[in-house]
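Trainee: Dropping a structure here in structure tokens format, bear with me for questions.
The values are calculated or read from the model by the stated rules, or taken from the named source; none is laboratory data. None of the values given here were measured: they were computed from a predicted structure. Neighbour counts run over all protein chains shown; Cβ positions are idealised from the backbone, glycine included. These area figures cover heavy atoms from the full protein model, side chains too; ligands, DNA and RNA do not enter into them. Shrake-Rupley method; radii C 1.70, N 1.55, O 1.52, S 1.80 Å.
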Amino acid sequence: TNCPSHDWIAEFLESYRIERRAPPNTVDSYRTDLEQFHKHIGGRSLLAVRSREVAAFISSRLNSGISPISARRQLCAIRSFYGFLLSENVLKSDPTRFLRGPRAHRPLVRQITTEEIEKVIGSLGTDAPLQLRDRAMLLAAYGSNFRVSELIQMPISRLNFEQMSAFVKLGKNLRDRIVPLNPREIDAIQLYLEKGRPKLLAAHPDSGLLFIGERGERMTRQRAWQIFTEHSKRVLGRAVSPHKFRHAFVTDT
């Protein structure tokens, strides 16, 4: 227990990284949090800390302007550190045991309105292949409540235009489901399949997937998110996620 505090921080972080398989950015965040706390108590031994000192540190961080969510993370780092010291039998009591984190009020998320969705969709032309694809994709998320993962994994063969539906294999909670398609969506998808998608099939063999990348490749989840956020930022001045497009479907139906 005579080991200097910074050595215990290093030992904890190494243990946390290996045993929890924590990503490097989490380990770095915890290191920063613990070093800030150590500085707050004047560099004294972390083994002699009282509960009130941890509470005072979190309070000072909130007063400095960080969000309650960030303050909770800092308390979580300190709590994990003292949990490690207890497990190593370095300490007999945990100074964070009875501390409660600050309530993390999440900021109100500004939803997207039907009028705003119409503006974004209306800004996309019906000639360029990528615009045809993006228009069909946005209408599918809004019109049928598709998740991003479902959009990028949807084979053309699971679309049934006659029955105005799509079969989603192993959706959320690993349940198959039939999703209704509205006439506007079907028109946008058919136009994309006729005029847009064939032009995107370049060097890549045809995967049979409905929505593909600009060179015919499989589309990544990240790229799909960018399509929603980039078009909404261009038209509305703010990035709107696919989730909010889906939420608009829920509130409009």
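Trainee: Once fully extended, how much extra length lies between Trp225 and Ala48, figured as 0.36 nm per residue of separation less the alpha-carbon to alpha-carbon distance?
Mentor: Details: separation 177, 0.36 × 177 = 63.72 nm, distance 4.80 nm.
My answer for the length gained is 58.9 nm.
Trainee: Also, quick follow-up: Quick one: check the C-alpha center-to-center distance for segment 41-120 versus segment 168-235, whole angstrom.
Mentor: 40
Trainee: While we're here: Return the lysines within reach of Lys244: Cα separation strictly under 29 angstrom, same-chain partners fewer than 8 residues apart disregarded; answer none if there are no such residues.
Mentor: The reachable lysines, counting only those whose Cα sits under 29 Å from Lys244, are Lys119, Lys169, Lys172, Lys195, Lys233.
Trainee: So for the chain, taking the charge dipole from beta-carbon charges (+1 Lys/Arg, -1 Asp/Glu), which of Ser67, Leu191, Ala22 sits furthest toward the positive end?
Mentor: Ser67
Trainee: Moving to a separate point now. Return the calculated 222 nm mean residue ellipticity for the chain, to the nearest 500 deg cm²/dmol, obtained by summing -39500 (n - 2.57) across DSSP H runs with n ≥ 4 and dividing by the residue count. Before the final figure, lay out the partial values.
Mentor: Details: 11 runs with 135 residues, N = 253.
Rounded to the nearest 500, the figure is -16500 deg cm²/dmol.
Trainee: Only residues of segment 33-54 count here: report those whose backbone N is under 17 Å from the spot 7 Å along Cα→Cβ of Arg72, or say none.
Mentor: The answer is none, because no backbone nitrogen lies closer than 17 Å to the label point.
Trainee: On to the next question. Over segment 149-235, what is the relative contact order in whole percent, taking alpha-carbon pairs under 8 Å and six or more residues apart?
Mentor: Result for segment 149-235 is 29 percent.
Trainee: Could I ask something else about it? Would you please report the Å³ per residue occupied by the convex hull of the alpha carbon atoms in the chain? Could you put the intermediate results ahead of the total?
Mentor: Values: hull volume 45.5 nm³, N = 253.
Given the Cα convex hull of the chain, per-residue volume reads 180 Å³.
Trainee: How far apart, in nanometres, would the label points at Thr113 and Leu201 be if each is projected 7 angstrom from Cα along the Cα-to-Cβ direction?
Mentor: Simple spin-label model gives 4.2 nm for this pair.
Trainee: Turning to a different aspect of this structure: Using a 1.4 Å probe on the protein heavy atoms, what percent of the accessible area of the chain belongs to carbon and sulfur?
Mentor: Numbers: 7360 of 14680 Å².
The nonpolar share, carbon plus sulfur, comes to 50 percent.
Trainee: D for segment 1-81, whole µm²/s, Stokes-Einstein with Kirkwood Rh over alpha-carbon pairs at 20 °C and 1.002 mPa s: what number? Working shown, then result.
Mentor: Working: Rh = 13.0 Å.
D, rounded to a whole number, is 164 µm²/s.
Trainee: While we're here: With a 10 Å radius around each residue's Cβ, average the other Cβ atoms per peptide and rank 51-60, 77-86, highest first.
Mentor: On the way: 51-60: 16.3, 77-86: 19.1.
Highest-to-lowest ranking by the protection proxy: 77-86, 51-60.
Trainee: Could I ask something else about it? Using a probe radius of 1.4 Å on heavy atoms only, what accessible surface per residue do you get for the chain? Whole Å² is fine. If you can, show how the numbers build up before the last one.
Mentor: Numbers: 14680 Å² over 253 residues.
Averaged over the residues of the chain, the accessible area is 58 Å².
Trainee: Further question on the same structure: Need the full-extension length gain, Leu191 to Arg215, defined as separation in residues times 0.36 nm minus the C-alpha distance. One decimal, nm.
Mentor: Numbers: separation 24, 0.36 × 24 = 8.64 nm, distance 1.85 nm.
Net length gain for the segment: 6.8 nm.
Trainee: In segment 80-97, whose amide N lies under 19 Å from the spot 7 Å out along Cα-to-Cβ of Thr32? List them in ranges.
Mentor: What the label zone holds, given the 19 Å backbone N cut-off, is 80-81.
Trainee: For Leu86 and Arg234 in one chain, what is 0.36 nm times their gap in residues minus the Cα-Cα distance, to one decimal in nm?
Mentor: Details: separation 148, 0.36 × 148 = 53.28 nm, distance 5.26 nm.
Going from the current span to full extension adds 48.0 nm.
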